[in-house]
Amino acid sequence: MADTIVAIATAPGEGGISIVRLSGPEAEAVLHRVFLPASAAAWPLESHRLTYGTAREGETPLDECMAVLMRAPRSYTREDVAELQLHGGGSTAGRVLQACLRAGARLAEPGEFTRRAFCNGRIDLSQAEAVMALIRSRGEQARQAALRQLTGGAAAFVRKAADELYGIQAGLAACIDYPEEVSEEEAASSLSPRILVLAETLEEAADEQGARIAREGLRVALCGRPNVGKSSLLNALTRQELAIVTPVAGTTRDTVQGELTLGGCLIRVTDTAGMRETEDPVERLGVERALKALREADTVLLVFDASLPLTEEDRALAAQVRSLGKPDVLAVRNKSDLPEATRETDLAALLPGVPCLTVCAQEPESLRPLREALRQRAQAGDTLALTQPRHLEAARRAAGHLRQAARTLAEAPCDLAAVDLLAAQQALAEITGDAVEEKLLDRVFADFCVGK
Ligand SMILES: Nc1nc2c(ncn2[C@@H]2O[C@H](COP(=O)(O)OP(=O)(O)OP(=O)(O)O)[C@@H](O)[C@H]2O)c(=O)[nH]1
Ligand SMILES: [Mg+2]
C-alpha cells in the first residue's frame, strides 16, 4: 500500500460530472502535476476544500474542473486522497486518468480504495463488504440491510457472540489451569448449555432464505392450470402489461418476470405456463420451466378459477405442490366477479392448512389482501443481523465448531474442547476481518467495482 492509486470513481456513460480519485502518499504530488488552480495562491491546497481550476497534462488543458484534497487520516482510505470533479462522460475522465497515470499513480484494482480503508483500520471487513452491497442494493429493503451492515450491525452481532465465547473459553481455561478447584464435570455441566445456546443463536442468524430475500427480494411464482388468470394477476400486481392475456387456454408458453415494490421490499413475480398434460413440445417445455419456477419460489401462489368447478388438473397440481413440500403456499381464488362454482371451503379441503385469498384480477382493490400477504413475507428479513452469504457461512461454521465443543466436553478431557472453541472464535473473526488471510481479502474485494 506504499504506492498511489487512481481510478474513475463514477459510473461510465453520460452524466453531469465524473470523478477521478487518487489515494496514497503521492496523491497531492500527482494532483499538483495534473491540476492548475485558478488562483496562483492556491498551493498548498487547504484540506477538505473544493478548489476551482483546470485539469491538464503538461501545458495541455484537459477540462475545467474542481479539485479537493483530503489529507490523511481524515479520508475514506485514511491516506491522502485527492479527487478531480470533471465534466461527465467517459472521454474527459479517461484522459485525466491517463494524465494521473503518467504523473506517477497506478491504476487501482477493484475495491482497492475500500481495501485500504479496511487495512488502515477505518472500517472492519463486514463494513467494507457493506459498501458494495449498498452500491448494488435495489429497493429500500436491500438498501437498509446494507446500511445496517455499514454502520456496524453485523460487527456488533459478531462482537456480542465473540464476547460470550470468550466467557466460555475463560471458564474452560479455569478448569484446565486449576483442576483441583473446578472439576471437569462441573465445567462441562455449566459450560455446555452456554455453548449450545450460542450455537443456536448463530444458526438462527444464519438464515439463508431470509438473508437472500433481504438482499434480492421475495421470489413469488404464479402457478395454476391454464386460463385461471395467472398472467392477468401478474399484470395487475405489477400494474404493467407484461404478459399476453387471452381467453385461449395455453396462452403463456414461457415464464414471464415482473417486479413490484411493497413497503420498500422488492417482490419478483414469475408468471408461468398453465400446467397440464400436453403433447405440444413447446408447451411441455413451458410446463418444465413452470415447475422450475415453482421449486425456486419463496412463496407459491396457486391460482384457481372460482367461476368453474375444480378440475382434475387443479387437483393434480395441488397434489404436486404438496408433494414438493413447499413451506409457503397461498391459494388464490380468482375471477370472484363471476358466479361462484368453487368455494373457499372446496380449496380448504383440497389444500388443508393453506391460506386462501379471493381476488378478481380485473379489480385492483380486490388484490389488497394479497399485496399485504406478500409484503409481510418480504419484510421478514428486515431485522436480520447477517445478510451476506460469506457471513452466513462463517456463522454456520462457528456454530458447528461449538456443537463439536459441547460433544467433546461430554466425552473427552476439557483441553480438547478448547481446540473446538478456538476454531469457532476464528470463524467469527473472519466475518469482521479480525483474522483473515490475504487470499480471503482478494476474494472479497475482487467482487468490487473499480474506483470504490
Ligand atoms: N371475469 C374475469 N375474467 C378474468 C379474470 N382474470 C382473468 N380473466 C380472463 O381469463 C382469461 C385467461 O386469463 P389469463 O390471465 O391469460 O390466464 P392464464 O392463467 O395466464 O392462462 P394461461 O397462460 O393459458 O395458462 C382471459 O380471458 C382473462 O381476461 C377475472 O378476475 N375475472
Ligand atoms: Mg398466462
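For segment 12-26, take each phi angle, set θ = phi - 60°, evaluate the Karplus expression 6.51 cos²θ - 1.76 cosθ + 1.60, and give the result in whole Hz per residue in order, putting x for glycine and proline.
Whole-Hz 3J(HN,Hα) from phi for segment 12-26: x, x, 7, x, x, 9, 10, 10, 9, 10, 10, 8, x, x, 9.
Checking the cross-link filter: which aspartates and glutamates have an alpha carbon closer than 18 Å to that of residue 439, excluding same-chain neighbours under 8 positions apart?
Hits, sequence-local ones excluded: 109, 112, 124, 129, 393, 430, 447.
Each residue of segment 334-341 in order: what ³J(HN,Hα) in whole Hz does its phi give by Karplus 6.51 cos²θ - 1.76 cosθ + 1.60, θ = phi - 60°, with x for Gly and Pro?
For segment 334-341, the Karplus-derived couplings read 8, 6, 6, 6, 8, x, 7, 10 Hz, x marking Gly and Pro.
In 5 Å bins starting at zero, report the fraction of Cα pairs in segment 282-356 per bin as a rounded %.
Here the calculated profile for segment 282-356 is 3, 15, 26, 24, 17, 11, 3, 0.
Ignoring any ligand, DNA or RNA, what whole percent of the accessible area of segment 163-210 comes from carbon and sulfur when the probe is 1.4 angstrom? All intermediate terms of the calculation are to be shown ahead of the outcome.
Values: 1440 of 2750 Å².
C and S atoms contribute 52 percent here.
Show 452, 439, 292 ordered by accessible area, largest first, where the area counts protein heavy atoms only and the probe is 1.4 Å. Present the calculation step by step, with values, prior to reporting the outcome.
Numbers: 452 50, 439 150, 292 110 Å².
Sorted descending by solvent-accessible area, the residues read 439, 292, 452.
Using Cα pairs closer than 8 Å and at least 6 residues apart in sequence, work out the relative contact order for segment 220-380, in percent. Please list the in-between numbers first.
Numbers: 306 pairs, mean separation 38.6, N = 161.
Relative contact order of segment 220-380: 24 percent.
Just the number, please: carbon plus sulfur as a percent of the accessible area of segment 13-142, 1.4 Å probe, no ligands or DNA/RNA counted.
Numbers: 3070 of 5850 Å².
Whole-percent figure for carbon plus sulfur exposure: 53.
Round to the nearest 10 and give me the degree value, 0 to 90, for the angle of helix 90-102's Cα axis relative to the longest principal axis of the chain.
The angle comes out at about 40 degrees.
What is the mean projected area of the alpha carbon convex hull for segment 171-256, to one decimal in square nanometres? Could you put the intermediate results ahead of the total?
Details: hull surface 39.1 nm².
Reported value for the Cα convex hull: 9.8 nm².
Report, ordered by chain and residue number, the lysines lying within cross-link reach of residue 326, taken as a straight Cα distance under 24 Å and ignoring same-chain residues fewer than 8 apart.
230, 292
Given H placed on each backbone N at 1.01 Å, which residues far from residue 259 in sequence or on other chains put an amide H within less than 5 Å of it?
269
Could you work out the local net charge near residue 248, counting Lys and Arg as +1, Asp and Glu as -1, over the other residues with Cβ closer than 14 Å to its Cβ? Don't skip to the end; give the middle numbers.
Numbers: positive: 225, 230, 253, 276; negative: 280, 283.
Its environment carries a net charge of +2.
Normalized C-alpha radius of gyration of the chain, against 2.2 N^0.38 Å? Don't skip to the answer; put the middle values down first.
Details: Rg = 29.3 Å, N = 452, 2.2 N^0.38 = 22.5 Å.
The reported ratio for this selection is 1.30.
What is the set of long-range amide H partners of residue 15 at a cut-off below 5 Å, with H atoms built 1.01 Å from backbone N?
88, 89
With the contact rule set at Cα under 8 Å and sequence spacing of 6 or more, what percent relative contact order holds for the chain? List each step's numbers first, then the result.
On the way: 860 pairs, mean separation 76.0, N = 452.
This gives 17 percent for the chain.
From the phi of every residue in segment 3-10, what ³J(HN,Hα) in whole Hz does the Karplus formula 6.51 cos²θ - 1.76 cosθ + 1.60 yield, where θ is phi - 60° and glycine or proline is x?
Those phi angles translate into 8, 10, 10, 9, 6, 7, 8, 8 Hz.
May I ask for the Rg/Rh ratio of segment 220-380, computed from Cα atoms with Rh as the Kirkwood radius, given to two decimals? Don't jump to the answer; show the numbers that get you there.
Values: Rg = 14.3 Å, Rh = 15.5 Å.
Checking Rg against Rh, the ratio lands at 0.92.
Quickly estimate the mean residue ellipticity at 222 nm for the chain, helices only: each DSSP H run with n ≥ 4 gives -39500 (n - 2.57), and the total goes over all residues, rounded to 500. Show your work: numbers first, answer last.
Values: 16 runs with 215 residues, N = 452.
Theoretical 222 nm ellipticity from helices: -15000 deg cm²/dmol.
Order these peptides, 162-170, 130-138, 277-285, 392-400, by their mean beta-carbon neighbour count within 10 angstrom, highest first. Intermediate values should be presented prior to the final figure.
Details: 162-170: 15.9, 130-138: 18.2, 277-285: 11.8, 392-400: 21.3.
Taking the mean over residues of other Cβ atoms within 10 Å, the ranking is 392-400, 130-138, 162-170, 277-285.
Could you estimate the translational diffusion coefficient of segment 5-108 from the Stokes-Einstein equation, with Rh from the Kirkwood formula over C-alpha pairs, at 10 °C and 1.306 mPa s, in whole µm²/s? Write down the numbers at each step before the final one.
Numbers: Rh = 13.2 Å.
My calculation gives 120 µm²/s for D.
For the chain, report the accessible area per residue in Å² (1.4 Å probe, heavy atoms, rounded to an integer).
Details: 21420 Å² over 452 residues.
For the chain, the per-residue accessible area is 47 Å².
Can you give me the % of accessible surface on segment 220-380 that is carbon or sulfur? Probe 1.4 Å, all protein chains present, nothing else counted. Walk me through the numbers on the way to the answer.
Details: 3960 of 7670 Å².
Whole-percent figure for carbon plus sulfur exposure: 52.
If you wrap a convex hull around the alpha carbons of segment 153-221, what volume per residue comes out, as a whole number of Å³? If you can, show how the numbers build up before the last one.
On the way: hull volume 5.6 nm³, N = 69.
So the per-residue hull volume is 81 Å³.
The values are calculated or read from the model by the stated rules, or taken from the named source; none is laboratory data. Here the structure is a predicted model, which is why all the values come from computation and not from measurement. Virtual Cβ from ideal backbone geometry, glycine too; neighbours counted across all protein chains shown. We work out accessible area using only protein heavy atoms, side chains counted, and drop any ligands, DNA or RNA first. Shrake-Rupley method; radii C 1.70, N 1.55, O 1.52, S 1.80 Å.
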